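Read-outs throughout are calculated quantities, based only on the coordinates presented, and are distinct from any laboratory measurement. Here the structure is a predicted model, which is why all the values come from computation and not from measurement. Backbone-built Cβ (ideal geometry, glycine too); neighbour counts: all protein chains shown.
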Amino acid sequence: DAGVIQSPRHEVTEMGQEVTLRCKPISGHDYLFWYRQTMMRGLELLIYFNNNVPIDDSGMPEDRFSAKMPNASFSTLKIQPSEPRDSAVYFCASKTASVLDQPQHFGDGTRLSIL
Amino acid sequence: SQQGEEDPQALSIQEGENATMNCSYKTSINNLQWYRQNSGRGLVHLILIRSNEREKHSGRLRVTLDTSKKSSSLLITASRAADTASYFCATNDYKLSFGAGTTVTVRA
């Protein structure tokens, strides 16, 4: 039973470059979440989708960040242009709402370093 | 803003001992969840307790919830080296709000 799959696991790029993070949620899950984790700010929710539709993007830090979910099995988080302060671990998570009180299932994250 | 706040920030115990950590939150909740994060990995869900429950067990884990005090505790009994991780509480079903976590180190 495959969990949430994120790619790449590590990304190192130079400031100003475009960065695209990818996520494949668990099949059948209708909610998808993007989080960012840093030492200073902890784990923050950036945006979440329900049935491929963005529901709440109030956590997206700036217009440089955008997220899409073109279908139920794929989502991207894009940063353009990237800045050193965007360095963090980015997690994707998914859950089903078909049963009450279900937890979120997390991928292993993408460790992003912007030089 | 962070809804759940864990205490203590760090905990070091000997293998076989119990580990207790606490979580406080600010607003009313439907449920409270505990997650574990091993170094370099994503969060793994441990246990969920509903607002109308006071205590819940899962294997070596025991969670309590006191809605009048807006607090929860997680007890890990008979700790093992594999329990070394960071533990987070989170509230709300969708916009999960995490605290800074409790880092637990279990010494062999």
Checklist entry - Which residues, taken from the range A:27-57, are surrounded by fewer than 16 Cβ atoms within 10 Å (Cβ to Cβ), of a type in the set (A, V, I, L, M) and within 12 Å of another protein chain (Cβ to nearest Cβ)? => result A:MET39, A:MET40, A:ILE55
Item to check | Among (1) at the interface with chain A (Cβ under 10 Å from one of its Cβ atoms); (2) part of a loop (DSSP other than H, G, I, E, B); (3) touching a residue at least 60 places away in the same chain (Cβ under 8 Å), the one test that B:GLY16 misses | outcome: (1)
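Got a sec? Which strands (runs of 3 or more DSSP E) wholly within the range B:23-106 have at least 2 residues that are more than 10 Å from chain A (Cβ to nearest Cβ) and exposed (fewer than 14 other Cβ atoms within 10 Å of the Cβ)?
Numbers: elements: B:31-37, B:43-50, B:55-58, B:61-66, B:71-76, B:85-91.
Where strands (runs of 3 or more DSSP E) fall fully within the range B:23-106 and carry at least 2 residues being more than 10 Å from chain A (Cβ to nearest Cβ) and exposed (fewer than 14 other Cβ atoms within 10 Å of the Cβ), they are B:55-58.
Within the range A:58-72, restricting attention to residues that are part of a loop (DSSP other than H, G, I, E, B) and surrounded by 15 or more Cβ atoms within 10 Å (Cβ to Cβ), which residue is farthest from the other protein chains (Cβ to nearest Cβ)? Let's see the steps before the verdict.
So in the range A:58-72, the residues part of a loop (DSSP other than H, G, I, E, B) come out as A:58-64, A:72.
Imposing the further condition that a residue be surrounded by 15 or more Cβ atoms within 10 Å (Cβ to Cβ) reduces the set to A:59-60, A:64, A:72.
Details: A:GLY59: 8, A:MET60: 13, A:ARG64: 22, A:ALA72: 17 Å.
Ranking the qualifying residues of the range A:58-72, first place goes to A:ARG64.
Restricting the range A:4-35 to residues that are farther than 26 Å from A:SER98 by Cα and part of a strand (DSSP E or B), which is nearest to the chain's Cα centre (by Cα)?
To start, the set of residues in the range A:4-35 that are farther than 26 Å from A:SER98 by Cα comprises A:7-21.
Still in the list and also part of a strand (DSSP E or B): A:7, A:10-13, A:19-21.
Working: A:SER7: 10, A:HIS10: 14, A:GLU11: 14, A:VAL12: 17, A:THR13: 18, A:VAL19: 12, A:THR20: 10, A:LEU21: 7 Å.
My answer is A:LEU21.
If we keep just the residues of the range A:105-115 that are of a type outside the set (Asp, Glu) and either within 12 Å of chain B (Cβ to nearest Cβ) or part of a loop (DSSP other than H, G, I, E, B) (or both), which is farthest from A:LEU45 (Cα to Cα)? Working first, answer last.
Looking only at the range A:105-115, we keep the residues that are of a type outside the set (Asp, Glu), and these are A:105-107, A:109-115.
Restricting the remaining residues to those that are either within 12 Å of chain B (Cβ to nearest Cβ) or part of a loop (DSSP other than H, G, I, E, B) (or both) gives A:105-107, A:109-111, A:115.
Details: A:HIS105: 14, A:PHE106: 12, A:GLY107: 14, A:GLY109: 14, A:THR110: 15, A:ARG111: 16, A:LEU115: 24 Å.
Checking each candidate, the answer is A:LEU115.
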Item to check | Those residues of the range A:79-104 which are surrounded by 15 or more Cβ atoms within 10 Å (Cβ to Cβ) and either part of a strand (DSSP E or B) or of a type in the set (Asp, Glu) (or both), in sequence order | outcome: A:ILE79, A:ASP86, A:ALA88, A:VAL89, A:TYR90, A:PHE91, A:CYS92, A:ALA93, A:SER94, A:LYS95
